[in-house]
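What follows is a short report on a single structure.
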Amino acid sequence: MDNIKLKLHHHDESTSSSDSDNDRPSLPSKRFRLFGRKKPVHSALGGGKSADIILWRNKQISSAILVVATVLWLLFEWLGYHLLTFVCHALIVSLGVLFCWSNVSCAINRSMPTFPEVVLPEDLFVSIALSLRYEMNRACTTFREVASGKDLKKFLMVIASLWVLSIIGSWFTFLTLIYMVFVILHTVPFLYEQHEDAVDTYAEKGWIEIKKQYKVLDEKLLQKIPKCAFKDKKF
């Protein structure tokens, strides 16, 4: 009887421990995220209305922006419209409509349209200037680091990126390239958010393969390149 009680006691302890283990919340597994992202896509894009537009949370505004960009691209690229001519024609039409509307309102004894007073804030332009200054300084710092010859991997990445951009730039005009970049930025984040797990899985496999190929290249070629030390060298 004592042996049976001991077995029952051990069985109760094992079941209770297994139940307690099942009740514990499982720790989140570290998954590969594209570009090392640790936040949701909406937060990574800055949040707010701009992220809502990029991720098509408001489909009317997002589609309207895409349609306007497409119409402008068709006007400038296919119909040969020029920017200064377009701005002048748009101002002529706007002023003409508003002028006629004001006179018609006075003739039929209706209230004249109210024109809002537009005052551009100084802080907006200051923040834009500071952002451009920061990006330009960072670009200059990166250029100096790459040109110093200290990081061969970064040098090869920059050279390959510039070479790919030069090839792409020879295929399209500058306006078409800007339009394509806009369409990509306006659609790819939305598609990525819809298929996030699948894209991250394929990206992880691709990144592992790239690291393997780079390791082979580094062992067979890059490590055999003689490195010259330029520090503290006097002429």
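Miscellaneous remarks
- Residue 187 vs. criteria of a type in the set (S, T, N, Q), at pLDDT 85 or above and within 30 Å of residue 76 (Cα to Cα): yes
- Residue count, region 178-223 (criterion: surrounded by 14 or more Cβ atoms within 10 Å (Cβ to Cβ) and of a type in the set (Gly, Ala, Ser)): 1
- The residue of region 58-92 that is farthest from residue 180 (Cα to Cα), among those that are of a type in the set (Ser, Thr, Tyr) and assigned to a helix (DSSP H, G or I), is 85.
- Residues that are more than 33 Å from the chain's Cα centre (by Cα) and open to solvent by less than 80 Å² (accessible area, probe 1.4 Å), drawn from region 89-99: 94, 96, 98
- Criterion applied to 197, 151 was being at pLDDT below 80, out of contact with any Asp or Glu (no Cβ under 7 Å at 6 or more places or on another chain), closer than 30 Å to residue 38 by Cβ and not aliphatic (A, V, I, L, M), and the one residue passing it is 197.
- Hits in region 144-164 - residues which are open to solvent by 60 Å² or more (accessible area, probe 1.4 Å) and within 22 Å of the chain's Cα centre (by Cα): 154, 157, 159, 161, 162, 163, 164
- Reported count of residues in region 114-131, each being surrounded by 10 or more Cβ atoms within 10 Å (Cβ to Cβ) and among the aromatic types (Phe, Trp, Tyr), is 1.
The values are calculated or read from the model by the stated rules, or taken from the named source; none is laboratory data. None of these values were measured; they are calculated from a predicted model. With ideal geometry, Cβ positions are generated from the backbone for all residues, glycine too; neighbour counts draw on all protein chains shown. Each accessible area value is taken on the protein alone, full model and side chains, heavy atoms only, with ligands, DNA and RNA left out. Shrake-Rupley method; radii C 1.70, N 1.55, O 1.52, S 1.80 Å.
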